[in-house]
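Input: a single structure, listed below in structure tokens.
The values are calculated or read from the model by the stated rules, or taken from the named source; none is laboratory data. What you are looking at is a predicted structure, and each value in this text was computed from that prediction instead of being measured. Heads up, the Cβs are rebuilt from the backbone with ideal geometry, glycines too, and the neighbour counts pull from every protein chain shown.
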Amino acid sequence: MFSISKSEQSYIATSLSSEKPLRADGRDLLEYRPIHVECGVAPLANGSGRAIVGVGDDTTEVLVAGKLEVEDTEEELQESGEATNGRLTCYVSCTSAAYPYHTNNQLEDLSSDLSSTLFQLLSSSAFLLPDTASNNSQLSIIPQRKHWHLTLEAVIICDSGNVVDALFIAARAALWDLRIPKTRSLEYRGPQTQTMDIDQGPGHDAFKTVAGKKESTHVIDFELEDNWDDGVPLEDREALPVCVTLNLLPSKHFLDASLQEERSAPLKLHLAFSFTSSALSSSKAQEMTGPMTRPPPPPDSIRNPPNAVLQGMRLSGSGDLPIGYIRSLLKDGESYARSLAYALNSKLREDDRKRASEL
Amino acid sequence: MSRQEILSAHNYRSDGRRPKELRDLVISLGSHPHATGSAYLSHGLTSVLVTVHGPREAKSRSNTQHDRAVLSVGVDLPAFSGGTGGRRGKSDKRTLEFTSTVKSTFEPIIQTHLYPRSQIDIFIQVIQQDGALLQAAINATTLALIDAGVAMSDYVCAITCALHDTISLLDLTNLEENDLPNLTAAVLPRSSKITLLTLETRIHLDRFEEMFKLAGEAGKVIHGEMLNAVHTRTDALVKSMGADSGAQSGRSADKQVMIDADMDDI
């Protein structure tokens with residue numbers, strides 16, 4: 001199963017491309033295997049999710065957890081030369097349990113490939129890491145001084161095909177489950193006779209807690225609020241990106257390939273879309289009239305703001321794709337991603353409700 | 001934040017257990033679809049998933065021995081599992097020590113002479129850590145090897161033991177492991193032999209003997225739990241194969257299967 005002969009490859013590719021396509025497990029070309037997704041599997045992390053695609057012997061299982069650490073913005077500026085208001089790092093661990101026939105080098109290659117795919121397709125989503133000009137990043141603690149560094153770590157437990165989709169579903173569940181601890185800004189006020197000197201070390205002078213409305217230039221530190229809950233979830237979670245992998249054959253494409261199908265149709269197009277919540281509840285594109293939580297769009301699209309945004313695109317595998325096909329593939333990909341996002345959001349919201357009612 | 005006490009005045013530990021009480025043991029065999037054998041085991045909040053591939057042809061010819069199987073052990077400690085520090089790399093000293101400890105524990109137990117020129121790969125995936133990681137890894141490895149059908153001379157049951165004043169505690173959590181002198185021991189329950197003993201702190205000799213004996217008994221208790229799990233799994237297998245005549249109890253049916261497979265009465 002881990003390597004198939006040329007005749008097997010041709011057999012599978014032919015049956016997929018035929019008039020009445022046949023797949024080994026009887027699915028339609030556009031049918032996914034059963035997807036199971038759950039949150040909160042690693043209670044020690046700030047957010048975690050698990051995705052299992054398929055049942056029985058034919059499962060792909062991925063576990064993702066996110067951890068938040070505080071970072072100094074100025075140190076980060078010196079090290080990497082970029083001013084940030086939040087940082088995201090992704091690491092995907094491909095173990096020899098999931099890939100028993102891979103050598104160590106192959107495992108490392110696969111691991112760095114998947115890590116960079118995950119990072120590219122997630123880091124471009126605007127609400128998570130907006131450009132440095134705006135200060136309203138969700139990962140910022142004290143603007144220009146301290147921010148959260150989010151490390152998303154994924155472990156692939158087993159791979160029976162379509163690992164990128166499973167990886168994204170699990171990452172999305174982990175980001176949905178992420179709770180950012182609430183912080184309160186602290187201001188240092190020197191004694192009345194001296195002028196305010198922020199660089200002076202804390203002496204015998206009193207610390208005052210400010211409700212965060214003061215100008216940010218005076219804020220020099222923060223403290224964690226003492227709460228029962230773990231923090232706030234990310235805003236606009238429903239707009240988290242969704243990834244679909246289209247496996248490409250010369251004449252058509254199919255979804256959710258099993259291992260043998262992946263070997264027979266190696267060219268894959270990974271598309272990541274994000275949908276605003278109003279776009280998901282209506283089946284047709286409509287004008288948005290309500291107040292928007294995102295930063296305002298450029299003027300020419302105020303009347304028809306985009307409700308589906310293509311976050312990233314990646315073509316992988318050997319083979320080529322005629323440029324003319326891309327437009328229709330993007331359109332199809334968007335509709336698949338839309339249904340997947342709708343289903344995921346409903347399931348995760350339902351789970352949240354169940355957990356809240358249990359407490 | 002107030003410091004948690006290890007043992008309260010009425011002899012209750014920080015998680016409400018008695019000194020000699022073990023944590024909840026959850027065992028699930030054969031969950032991994034591709035591995036030859038797999039076991040998920042958790043002692044309370046410490047959970048690991050061990051997969052075994054093999055015996056199979058070695059990946060590199062240079063690694064093979066002409067008369068026995070070669071054992072290779074790998075471990076993955078993700079950052080979210082709750083251990084100190086971030087993710088540990090493959091060549092990290094602690095990781096290497098861990099894998100070589102597990103390997104040397106199992107090398108004399110697995111009947112490697114039955115599988116010449118082959119390789120047995122054991123991979124330990126840590127899901128969560130709350131103390132007693134080596135204990136959980138060894139117990140889960142034993143079960144995964146049994147699930148894979150690898151011939152062994154006995155079960156290997158591991159337990160951790162610590163000393164608080166004059167009282168011995170079993171099955172330690174992170175808090176207890178960090179604060180108290182502790183040892184990890186792995187025993188062979190049938191022959192009452194010991195196959196692993198690690199001690200990284202100082203313990204007085206008089207106390208050591210007492211802890212050692214206690215560890216031996218605790219190992220036998222864990223053995224009982226592991227037997228139950230293996231019997232349940234074999235029952236299910238036997239039923240699905242249709243070999244159970246219905247009149248026999250599951251236990252005797254699986255004894256029959258075991259004897260047929262040329263194993264001693266376990």
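So is B:Ile194 surrounded by 23 or more Cβ atoms within 10 Å (Cβ to Cβ), out of contact with any His (no Cβ under 7 Å at 6 or more places or on another chain) and among the β-branched types (Val, Ile, Thr) or not? Judged against the criteria, B:Ile194 is not a match. Entry remark, the stretch A:15-64: residues being surrounded by fewer than 19 Cβ atoms within 10 Å (Cβ to Cβ), in contact with a strand residue (DSSP E or B) (Cβ under 9 Å, 6 or more places away or on another chain) and at the interface with chain B (Cβ under 10 Å from one of its Cβ atoms) number 3 in total. Entry remark, the stretch B:33-72: residues being assigned to a loop (DSSP other than H, G, I, E, B) and among the hydroxyl-bearing types (Ser, Thr, Tyr) number 3 in total.
Between A:Arg33, A:Arg50, the distinction of being under 15 Å from the mean Cα position of the chain (by Cα), under 21 Å from B:His34 (Cα atoms) and modelled with pLDDT of 85 or more belongs to A:Arg50 only.
Out of the residues in the stretch A:86-108 meeting the condition of being more than 9 Å from every other protein chain (Cβ to nearest Cβ) and touching a strand residue (DSSP E or B) at 6+ places or on another chain (Cβ under 6 Å), tell me which one is farthest from A:Asn162 (Cα to Cα). Step by step, filter the stretch A:86-108, then rank; the result is A:Gly86. Selection within the stretch B:18-54: residues that are surrounded by 22 or more Cβ atoms within 10 Å (Cβ to Cβ) and in contact with a Phe, Trp or Tyr (Cβ under 6 Å, 6 or more places away or on another chain). The member of this set that is nearest to the other protein chains (Cβ to nearest Cβ) is B:Thr51. Whether a residue is surrounded by fewer than 18 Cβ atoms within 10 Å (Cβ to Cβ), farther than 26 Å from B:Ala162 by Cα and away from chain A (no Cβ under 13 Å) was assessed, and B:Pro108 passes this test.
Could you list, in sequence order, the residues of the stretch A:318-345 that are among the aliphatic types (A, V, I, L, M) and over 26 Å from the mean Cα position of the chain (by Cα)? Within the stretch A:318-345, A:Leu321, A:Ile323 qualify.
Per the conditions (1) facing chain A (nearest Cβ under 9 Å); (2) more than 24 Å from A:Leu68 (Cα to Cα); (3) touching a residue at least 60 places away in the same chain (Cβ under 8 Å), the sole criterion not satisfied by B:Glu57 is (1). Of the residues that sit in the stretch A:157-176 and are closer than 15 Å to A:Val92 by Cβ and within 10 Å of another protein chain (Cβ to nearest Cβ), which one is nearest to the chain's Cα centre (by Cα)? Checked the stretch A:157-176; the qualifying residue nearest to the chain's Cα centre (by Cα) is A:Ala174.
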